[in-house]
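Enquirer: Below you will find the structure I want to go over with you.
The values are calculated or read from the model by the stated rules, or taken from the named source; none is laboratory data. Everything quoted here is computed from the prediction, not taken from an experiment. Glycine gets a Cβ as well: all are built from the backbone with ideal geometry, and neighbour counts include every protein chain shown. Remember, those area values only see protein heavy atoms, side chains included, never the ligands or the DNA or RNA. Shrake-Rupley method; radii C 1.70, N 1.55, O 1.52, S 1.80 Å.
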Amino acid sequence: MRTFFPVALALTACASSQVAPTTVRTTPTVVLASEANWEQLNPARGDKSPMAATLWGDRNGTAATGFLFHPVDGFESPPHAHNVSYRGVVIRGLVHNADPEAEDMWMPAGSFWTQPKGGVHITAAKGNDVLAYIEIDEGPYLVLPVEKAFEVEDKPVNVDQSDIVWTDPPGVPASADGSKVALLWGDPRDAQPSGSLVKLPAGFAGAIRGDGESFRAVVIQGRPLYGALGETGDKALEPGSYVGSQGESMHRLSCEMECVLYVRTEGGFGIVPATR
């Protein structure tokens with residue numbers, strides 16, 4: 001299992017109930033899970049194919065992409081490989097992703113896994129409404145038969161949600177806010193892509209600030225109300241919904257119940273609680 005370590009994130013606390021503005025280069029993109037466009041992930045399998053809905057990027061292109069994965073209850077793929085590596089976060093239900101000979105390792109909501117390119121594996125699902133977020137750093141995303149598998153140095157990682165290591169964001173004491181972060185991959189202290197989980201407590205009202213070239217967030221748990229700074233009207237983001245922006249940005253959020261988001265950035269980010 002990968003070792004997780006805390007990362008010092010650049011954070012700012014506000015002095016009033018209003019979140020201070022910051023430079024925003026582009027209007028944020030919001031994709032509600034209920035409005036996602038679904039298609040077969042592997043059309044060659046016909047009705048047995050899981051469904052997929054692209055949140056950002058293009059699975060058939062060459063750039064990084066993030067999409068939702070929605071298999072039916074009891075789905076189990078045949079042994080196969082991929083031409084590119086991917087990582088995933090379980091949103092609902094149970095997902096098993098491992099070597100064909102491995103014992104069942106059912107990962108519940110909030111779990112994280114990686115699948116290196118070239119490696120033979122199976123993917124299975126259990127639950128009436130299984131949903132996961134899948135991310136690749138380059139495309140296109142292709143399914144390869146076992147005879148076209150190949151070896152790489154990277155090894156697959158499965159981390160059950162109970163093994164996720166949560167830390168207090170520096171500058172936002174848990175006693176005052178209760179937010180937590182968990183670094184999954186990369187390092188948000190540099191300009192390269194990285195991925196983290198962000199946990200916001202029930203009653204949170206504030207923002208997540210993007211300090212780098214891009215900010216992308218997918219709701220894993222909860223139903224936060226979202227509003228881009230300077231816009232009127234909040235949107236309720238059910239699990240699987242996506243928010244993305246380019247350049248420095250401030251994303252206003254409030255959580256009636258505990259919320260967990262997967263956050264991918266190029267550069268740092270900060271949790272900005274509003275104080276009353």
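Enquirer: Restricting attention to the range 254-266, which residues are open to solvent by less than 10 Å² (accessible area, probe 1.4 Å) and more than 16 Å from the chain's Cα centre (by Cα)?
Expert: Within the range 254-266, CYS255 is the sole residue that qualifies.
Enquirer: Take the residues of the range 107-144 that are open to solvent by 10 Å² or more (accessible area, probe 1.4 Å) and at positive phi: which is modelled with the highest pLDDT?
Expert: That would be GLY110.
Enquirer: Kindly establish whether VAL263 is β-branched (Val, Ile, Thr) and under 30 Å from PRO156 (Cα atoms).
Expert: Taking the combined requirement at face value, the residue satisfies it.
Enquirer: Could I ask something else about it? Which condition number does ALA81 fail, the rest of (1) open to solvent by less than 10 Å² (accessible area, probe 1.4 Å); (2) out of contact with any His (no Cβ under 8 Å at 6 or more places or on another chain) being met?
Expert: (2)
Enquirer: Sticking with this structure for a sec: So the check is Cβ under 7 Å with 6+ separation or different chains; which pairs have a first residue in the range 49-69 that's within 7 Å of GLY139 (Cα to Cα) and a second one that's of a type in the set (A, V, I, L, M) and open to solvent by less than 10 Å² (accessible area, probe 1.4 Å)?
Expert: So the pair list comes out as ALA64/ILE136.
Enquirer: ASP104 versus (1) more than 16 Å from the chain's Cα centre (by Cα); (2) surrounded by 22 or more Cβ atoms within 10 Å (Cβ to Cβ): which is the lone unmet condition?
Expert: Every listed condition holds for ASP104 apart from (2).
Enquirer: Next question, about the same structure. Just one of GLY46, GLY93 is of a type in the set (Gly, Ala, Ser) and either crowded, with 18+ Cβ neighbours inside 10 Å or under 27 Å from SER194 (Cα atoms) (or both); which is it? Talk me through it step by step, then tell me what you get.
Expert: Values: GLY46 fails: either crowded, with 18+ Cβ neighbours inside 10 Å or under 27 Å from SER194 (Cα atoms) (or both).
Every option except GLY93 fails the conditions.
Enquirer: Quick check on VAL219: is it among the β-branched types (Val, Ile, Thr), closer than 18 Å to ALA132 by Cβ and either more than 14 Å from the chain's Cα centre (by Cα) or at pLDDT 95 or above (or both)?
Expert: Taking the combined requirement at face value, the residue satisfies it.
Enquirer: For PHE67, indicate whether it is at pLDDT below 85, among the aromatic types (Phe, Trp, Tyr) and outside any helix (DSSP H, G or I).
Expert: no
Enquirer: Right, something else. Working only within the range 178-191, note down all residues that are over 20 Å from GLY88 (Cβ atoms) and either open to solvent by 30 Å² or more (accessible area, probe 1.4 Å) or among the basic types (Lys, Arg) (or both).
Expert: LYS180, ASP187, ARG189, ASP190, ALA191
Enquirer: Applying the selection to the range 208-253, what residues are hydrophobic (A, V, I, L, M, F, W, C), farther than 14 Å from VAL31 by Cα and open to solvent by 30 Å² or more (accessible area, probe 1.4 Å)?
Expert: Of everything in the range 208-253, just one residue is hydrophobic (A, V, I, L, M, F, W, C), farther than 14 Å from VAL31 by Cα and open to solvent by 30 Å² or more (accessible area, probe 1.4 Å), namely LEU229.
Enquirer: Taking the range 145-192, which residues are hydroxyl-bearing (Ser, Thr, Tyr) and modelled with pLDDT of 95 or more?
Expert: SER162 - this is the single residue of the range 145-192 that is hydroxyl-bearing (Ser, Thr, Tyr) and modelled with pLDDT of 95 or more.
Enquirer: May I ask you to list the residues in the range 65-89 that are small (Gly, Ala, Ser) and more than 17 Å from ASP154 (Cβ to Cβ)?
Expert: Result: GLY66, GLY74, SER77.
Enquirer: Further, regarding this structure: For the range 49-76, name all the residues that are open to solvent by less than 60 Å² (accessible area, probe 1.4 Å) and polar (S, T, N, Q).
Expert: If the condition is that a residue be open to solvent by less than 60 Å² (accessible area, probe 1.4 Å) and polar (S, T, N, Q), then SER49, THR54, THR65 are the ones that fit.
Enquirer: Report yes if some residue within the range 81-93 is modelled with pLDDT under 95, in a loop (DSSP other than H, G, I, E, B), out of contact with any Ser or Thr (no Cβ under 7 Å at 6 or more places or on another chain) and not basic (Lys, Arg); otherwise report no.
Expert: Within the range 81-93, the first condition is being modelled with pLDDT under 95, and the residues that meet it are none.
No, the range 81-93 contains no residue that is modelled with pLDDT under 95, in a loop (DSSP other than H, G, I, E, B), out of contact with any Ser or Thr (no Cβ under 7 Å at 6 or more places or on another chain) and not basic (Lys, Arg).
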